[in-house]
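Any read-out appearing in this document is the output of simple, stated calculations on the displayed coordinates, not a laboratory observation. Every value quoted in this text rests on a predicted model; they were computed, and no experiment measured them. Every residue, glycine among them, receives a Cβ derived from its backbone with ideal geometry; neighbour counts consider all protein chains shown.
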Amino acid sequence: MVTEPTRLNEDAVLKALSTIIDPDFNKDIVTLGFVKAVSIDGGHVAFTIELTTPACPVKEEFRRKAEAAVSAIAGVESVDVTMTSKTTSAQQKTAIPGVANIIAIASGKGGVGKSTTAVNLAIAMAQTGARVGLLDADIYGPSVPRLMGLAGEQPKMYAEVNQLIPLENYGVKMISMGNLIEEKQAVIWRGPMVASALGQLLTDVAWGELDYLFVDMPPGTGDVQLSLTQKVPVTGSVMVTTPQDIALLDCRKGIEMFRQTRTPTLGIVENMSQFICPHCGEASPIFAEGGAQRLGEEYNTEVLAHIPLDIRIRENSDQGTPIVAANPDSEQAAIYQELAGSVARKVSIANSRKIEIPIVQANA
Ligand code: ADP
């Protein structure tokens, strides 16, 4: 009996896998070095695909394509794909050891839903398996402890190293001035005090190993915001805005501020973009539409999410059970989960360019 010569070897496997292109890097996954530990045992092929983030939105697509491509090689009986990730960091030397990426969640003005977005985004990111921290730097109005269901908790100290142990809920490590001082105390703080308190919250906390540390920034574009970007290398910022003109104007100022400090804007989140009727579920655009889109075009950055004004988002926040944690399969949670994927992608892209990230340019 004549049998076909076996062509099943590592080269054949890599060749098959090199047909899979990563849409963000425009290169195939073999060239990118994502394929690891190829092993062939008879007709059984196993390998690992190591992505740049656990939150990769095309993870399952890669797995399917990899299985299909390798299964098509003559002689293959089974394919075992392990999906892993190693989060990239553009920081040569991070000011906070162990923290790969610091992402500022900012807004030009208060009340646009920055904290709500930061909390749900952080939890959604943690749900992908990423190691996530959330620093509430909104020192004048620290609302994160309440939103995270951690109001009134006091973080403990590692006495030997003089570091605070972050609180933790929903898989996210969290520290906030709201857990350290009386809320009333903070409002009388002056700029320099706030800046130094912020510095301590960043460096005197035992964050451990984190893929992403989200910083819920104080609203506005003053010295405190500037001092953060000078103290630590911020991978990028996510700007939260509502569709109203005034909020957009403030958002513009925020983007400009980050631009001056050479911090890239990863994208814009348009919050309260539509009103969802709690009775009939109908979506009505109560504010003018398309503002964030235009702003994104002007600054060459993307609108990463449109989050509707939805009573379930507010009610869950108030109860300290953010919708992403309380109801992860809901359509509201899906928006934040998609946002987490988009943010992770933008960070990976920014890191692949190492510090050479083009700063967004206004066309005007
Ligand atoms: P900021 O941090 O910008 O000051 P918050 O996150 O504290 O804003 O949100 C302000 C208020 O708006 C809160 O009561 C919050 O529950 C509510 N809120 C935020 N985003 C939404 C949303 N998409 N739908 C409904 N309510 C929201």
With both bridge residues required to lie in segment 10-85, what share of the DSSP beta bridges run antiparallel, to the nearest 5%? 45
Give me the dipole magnitude in Debye, nearest 20, for segment 194-318 about the Cα centre, with unit charges on the beta carbon: positive for Lys and Arg, negative for Asp and Glu. 320
Percent antiparallel among DSSP beta bridges (both partners in the chain, rounded to 5): 25
Run through all the Cα pairs of segment 215-362 and give the fraction in each 10 Å bin from 0, expressed as whole percent. 11, 37, 36, 15, 2
Sequence order, segment 26-39: Karplus ³J(HN,Hα) from phi using 6.51 cos²θ - 1.76 cosθ + 1.60, θ = phi - 60°, Hz rounded, Gly and Pro as x, gives 6, 9, 7, 6, 6, 4, 6, x, 6, 8, 10, 6, 6, 10
In whole angstrom, note down how far apart the Cα centers of segment 233-256 and segment 283-315 are. 12
Selection from 90, 34, 243, by position along the positive dipole direction of the chain (Cβ): 90
Relative contact order computed over segment 10-85 (Cα-Cα under 8 Å; 6+ residues apart), in percent: 33
Using the Cα centre as the reference, give the magnitude of the dipole from point charges on the C-beta atoms of the chain (Lys, Arg: +1; Asp, Glu: -1; all else neutral), rounded to the nearest 20 debye. 880
So for segment 40-117, considering every pair of alpha-carbon atoms, how many percent are separated by more than 18 Å? 62
Would you mind working out the magnitude of the charge dipole of segment 10-85 relative to its Cα centre, with +1 at each Lys and Arg C-beta and -1 at each Asp and Glu C-beta, to the nearest 20 Debye? 140
Give me the net charge for the shell around residue 147: Cβ to Cβ below 10 angstrom, other residues only, Lys and Arg +1, Asp and Glu -1. -2
When the Debye formula is applied to the Cα atoms of segment 295-348, each taken as the same point scatterer, what base-10 log of I(q)/I(0) results at q = 0.28 Å⁻¹? -1.06
For q values of 0.07, 0.12, 0.15 Å⁻¹, compute log₁₀ I(q)/I(0) with the Debye formula on a Cα-only model of the chain, without solvent. -0.34, -0.89, -1.27
